[in-house]
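Presented below is the structure to which this report refers.
The values are calculated or read from the model by the stated rules, or taken from the named source; none is laboratory data. Because the structure is predicted, anything quoted here is derived from the model rather than measured. Counting neighbours? That spans all protein chains shown, and the Cβs are built from the backbone with ideal geometry, glycine included. Heads up: the accessible areas ignore ligands, DNA and RNA and are worked out on the full protein's heavy atoms, side chains in. Shrake-Rupley method; radii C 1.70, N 1.55, O 1.52, S 1.80 Å.
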Amino acid sequence: MTLDTGLSGPCSWDIRTTRRELVAGRISHVEHLEALLERLPVAERLGAVLSADPELARACAHALDRHETEGPLTGIPLAVTDVVDVAGFPTTGGTRALEHNVVDRDAPVVDRLREAGALLPVKTTLHELSLGSTARNGSSGPARHPADPALGAGSGSAVAVAVGLAPAAVAADTGGGARVPAALCGIVGFRPTLGRYPASGLLPLAHSRDTAGPMARTVDDVVLLDALLAGEHPRGSPPARRIELDDEGGGALRGVRLGVPGLFTRDLEPGVDTILGAALRALEAAGAELVDVDLRGAHELAAPAGMAIALHEFLPDLESYLHDAGTGHTLAAVRDGLTSPAVRRLWGLAEVFRAAVDDYRTALEDRRSALRLYTGALEAAGVTALVHPASPLTARPVGDDGSGELAGRRAPTSATVTGHADLAGVLGTPGISIPAGRTAEGLPVGLELAGVPRSDAVLLDLARTVEAVLRER
């Protein structure tokens, strides 16, 4: 059920397949890297890449062919979104003022990937300073969808994986940045419980919401990346797990209760609604019990609180990053370099909210109340996880950043695209988007599984099974 991009050979392999082929000597590190780098022009034409150093990656691949090392990511090229510090690359946040902000240190999450043997040849496109969800960027241009360049992809990291430039990527997820673009592009995207991965070395949007989040072609690869990013398996791989289904695909989810929130299953784009219905029927056929879960109370508190928290934290957090990283830039310099009118408006709101300390404290309390309501709703229903569309929409036309039609009414594009995923971003809870199918127009739809805090391992294990069930349809 992954996006058909016409890929074959090394460009279509997942991480574990690639490592098996490399270790067996059926392909060299140089041959593998060159096959993937053939996709670099494609990714660049789609606006997915902000900076690249293929020569450094080639030098590393040649060294590995002379002396293979034993790491779970040895020789695996990964894409990294351009808010994560990678030594030798600029960290720009997709904004003009930071175009030459070359950093001399890796973020701790990057340290962990390097220790596992990863190659890091590209930094990818994002919405300017992460202040939006469409990856439309006035400085670098938009990230365009692999299936149709007239559509937006949500992020360059998702494009890089979908077109075969890298088998996986490290994105950032504040309100859906790993999950929603993954859903739009037909790959897997994961947001962990807040604090599971180290957060320093990330150009921030809001410290109490930001986290790195892996993207990959399979849940099994996300499980691997999650373990490495969390520091659980720094020198080895957690085992792959084969999901056995009977001939009818039944039984794999027997005894599992999944919550279906009506709040996130109505007012959907028709194609999304069709795919959701088919996915839920497949889960029931595999033995899952689907029950209604009411999230209205949690959502009514969390949505405005999350915006107030992000707008209050943004400027102080950015100012601290600029100072600690020794960029030599001031907030005023960054503000003056903004290219997007919408981002300028949000910056102006952030200047107002920065001073609203009492409103911030109220928002923090509302978030705590929302989390209690959320966890209480899941516990009362006795569910392992929620299941719902990662986004109510498929990919939108490039430039459609204002409003579009949904369920017969006009709705703001950015807020609508992330309207489901943002709840986990506010509450700090884990969620994973899995490819669920494609609409009649050929556009991918993602199914999100969402859990309570620190249920990451359970959620990922469930996601492996759900992925297998959906593939067997």
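Surface composition of the chain: carbon plus sulfur atoms hold 50% of the accessible area, using a 1.4 angstrom probe and ignoring ligands, DNA and RNA. With the charge dipole of the range 259-365 set up from +1 on Lys and Arg Cβ and -1 on Asp and Glu Cβ about the Cα centre, the Cα lying farthest toward the positive end among the listed residues Ala302, Leu346, Tyr360 is that of Leu346. DSSP finds beta bridges in the chain, and of those with both partners inside it, around 70 percent are antiparallel. Rounded to the nearest 0.05, what FRET efficiency do Glu38 and Arg296 give with R0 = 56 Å and r taken as the Cβ-Cβ distance? Could you check? Here the calculated transfer efficiency is 0.70.
Dipole orientation for the range 245-348: of the candidates Ala288, Thr265, Ser320, Ser320 has the Cα lying most toward the positive pole (charges on Cβ; Lys, Arg +1; Asp, Glu -1). Decide, for the range 1-124, between rounded, prolate and oblate: order the square roots of the alpha carbon gyration tensor eigenvalues as a ≥ b ≥ c, take rounded if a/c falls under 1.5, and otherwise choose prolate if a/b is larger than b/c, else oblate. Oblate is the answer for the range 1-124, as a/c is 1.5 or above yet b/c matches or exceeds a/b.
Computed over the range 418-468, the P(r) tail beyond 13 angstrom holds 60 percent of alpha carbon pairs. Separation of the range 419-443 and the range 252-282, taken as the distance between their Cα centroids, equals 12 angstrom. Calculated accessible area for the range 336-473 comes out at 41 Å² per residue, all protein chains present (probe 1.4 Å; ligands, DNA, RNA ignored). The charge dipole of the chain, taken about its Cα centre with unit charges on the Cβ atoms of Lys, Arg (+1), Asp and Glu (-1) only, comes to about 140 debye.
Would you work out if the range 79-228 is rounded, prolate or oblate? Take a ≥ b ≥ c from the square roots of the eigenvalues of the alpha-carbon gyration tensor; rounded if a/c is under 1.5, else prolate when a/b is larger than b/c, oblate otherwise. Because its axes are fairly even, with a/c under 1.5, the range 79-228 counts as rounded. Within the range 15-47, the GluC sites (Glu not before Pro) that combine a DSSP coil assignment with at most 14 other C-beta atoms in a 10 angstrom radius are Glu38.
When the chain is described by a simple charge dipole with +1 on each Lys and Arg Cβ and -1 on each Asp and Glu Cβ, the residue from Ala43, Ala377, Ala450 located farthest towards its positive end is Ala377. For the range 292-346, GluC sites (Glu not before Pro) are listed when DSSP marks them as loop and at most 10 other Cβ atoms sit within 10 Å of their Cβ; the list is empty.
Using C-alpha pairs below 8 Å separated by at least 6 residues, the relative contact order for the range 8-72 is 39 percent.
Please label the shape of the range 321-391 as rounded, prolate or oblate, based on the square roots a ≥ b ≥ c of the eigenvalues of the alpha-carbon gyration tensor (a/c under 1.5 means rounded; beyond that, a/b larger than b/c means prolate, else oblate). Prolate is the answer for the range 321-391, as a/c is 1.5 or above and a/b outweighs b/c. Note on the range 45-132: with charges restricted to the Cβ of Lys and Arg (+1) and Asp and Glu (-1), its dipole about the Cα centre is near 200 debye.
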